Every structure is written in C-alpha cells, then in structure tokens.
Amino acid sequence: QVQLVESGGGLVQPGGSLRLSCAASGRTFSIYTMGWYRQVPGDQRGLVAFVSSGGSTGYADSTEGRFTISRDNDKNTVYLQMSSLKPEDTAVYYCNGRYYNGTWYEYWGQGTQVTVSS
C-alpha cells in the first residue's frame, strides 16, 4: 500500500516561484516512475513532468524550461520546482507514481492548489 501526499501549493504572483513536494509512504519508492499532473475544472488531467527510476525526465511543452522535476529517494519525495509562473499554470497539481511488478500499479495523491494571480 502506497500513499502520496502533496504540499507546497498556494497563491503566487505572475513571474514568481513555488516548489511542490510529494511525500510517499512504502518500501519501494525508488523503483517508481514519478510524475506531476495538473487539472483545471472542465479539462482532463494532463502530464506536467515525470522522472523515472533511472533519473530520466520529461516535460510538457508548456512547462519545459520553467519547471524542474527531481526526486530524493532517501526521503521518499519528489519535487516540482516551478519558476516564471503564469496565470495559465493555475490548476490543482497531482502527484502520481507507477511501477511494474508482473502487472502495473499506480497511485495518486489528493492534489494541491496552485493559483497564479496578481
């Protein structure tokens, strides 16, 4: 059983920065591919960034160059450092973890609100 808990969201001005954190329970965090997704009302949930167990990263076109995903396996935590934030970044941000062990397992956090506004 794995639980994911996001934190670090809040209100920030355009051009500002935030760092989101996702703390995971469980014994096998290091083998998960971890991702950040975001969702606004009426839209589907979309990928923001991911980091694999081997450290490979990927980003959505709208965020690459402004956002950085990283992980600390000793702390069972994945981070999303966000800079140069825009109003269109406003969304609920969700942490996701998945791994394969004969079948695919997937876990979601409850989300944290990010609001970019003057």
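Considering only residues in region 32-49 that are within 12 Å of the chain's Cα centre (by Cα) and among the β-branched types (Val, Ile, Thr), the one that is nearest to Tyr93 (Cα to Cα) turns out to be Val48. Looking only at residues of region 16-45 that are open to solvent by 20 Å² or more (accessible area, probe 1.4 Å) and over 19 Å from Gln113 (Cβ atoms), we find that the one that is modelled with the highest pLDDT is Thr33. Checking each residue in region 57-77 for being closer than 18 Å to Val12 by Cβ, part of a strand (DSSP E or B) and modelled with pLDDT under 95 picks out no residue at all.
Please find, among Val48, Val12, the residue that is buried (at least 19 other Cβ atoms within 10 Å of the Cβ) and out of contact with any Cys (no Cβ under 9 Å at 6 or more places or on another chain).
When all the criteria are applied, what remains is Val48.
Restricting to region 100-112, and then to whatever is farther than 17 Å from Ala23 by Cβ and not acidic (Asp, Glu), can you tell me which residue is nearest to the chain's Cα centre (by Cα)? That would be Tyr105.
The values are calculated or read from the model by the stated rules, or taken from the named source; none is laboratory data. Remember, it's a predicted structure, so these values are computed and weren't measured experimentally. All Cβ positions, glycine included, derive from the backbone under ideal geometry; neighbour counts span all protein chains shown. Accessible surface is based on the protein model in full, side chains and every heavy atom, while ligands, DNA and RNA are left aside. Shrake-Rupley method; radii C 1.70, N 1.55, O 1.52, S 1.80 Å.
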